[in-house]
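The values are calculated or read from the model by the stated rules, or taken from the named source; none is laboratory data. The structure displayed is predicted, hence computed values, not measured ones. As a convention, Cβ positions derive from the backbone with ideal geometry for all residues, glycine included, and neighbour counts pool all protein chains shown.
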Amino acid sequence: MKVFAITAVLFAAAAMAGPLEVRTGGGGGGGGGGGSAYDACPSELLSNPECCDVDVLGLLSINCAPPDNTPTSAADFKSQCAKRGKSATCCVLPVLGQAVGCQAPAGSG
């Protein structure tokens, strides 16, 4: 019974974790190259960039934390996580160091 309750809470939280508005890169103001900014996790569902220790079949990742800075590229995201000895992932629902439903970030090859 407890497993059902926990599963129901996780699914409810995942449903609420989706962004309310979809933002795209914009028109390139300011000064740089004018291209759009790198979005490590462009999927609406898998929208949370995380650095995780262990990924269990893409369903659960253990000991996760967000990167220190907003990644500027796939290589930067991997580098930030590698400094901690972790892997770069995009997850549905990070809660208390655990993350549900993770996959590799955009541009990671």
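The criterion of being farther than 18 Å from residue 102 by Cα, at pLDDT below 85 and not in a loop (DSSP other than H, G, I, E, B) holds for residue 5.
Counting residues in the stretch 92-102 that are loosely packed, with under 15 Cβ neighbours inside 10 Å, out of contact with any His (no Cβ under 6 Å at 6 or more places or on another chain), part of a strand (DSSP E or B) and aliphatic (A, V, I, L, M) gives one or more. The C-beta contact set for the stretch 49-62 (first residue closer than 19 Å to residue 106 by Cα and touching a residue at least 24 places away in the same chain (Cβ under 8 Å), second residue outside any strand (DSSP E or B) and among the aliphatic types (A, V, I, L, M), distance under 6 angstrom, 6+ apart or interchain) comprises 49/40.
Yes or no, residue by residue, for (1) in contact with a strand residue (DSSP E or B) (Cβ under 8 Å, 6 or more places away or on another chain); (2) assigned to a strand (DSSP E or B); (3) surrounded by 15 or more Cβ atoms within 10 Å (Cβ to Cβ):
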site: 41; (1), (2), (3): yes, no, yes
site: 44; (1), (2), (3): no, no, no
site: 49; (1), (2), (3): yes, yes, yes
site: 61; (1), (2), (3): yes, yes, yes
site: 67; (1), (2), (3): yes, no, yes
site: 76; (1), (2), (3): no, no, yes
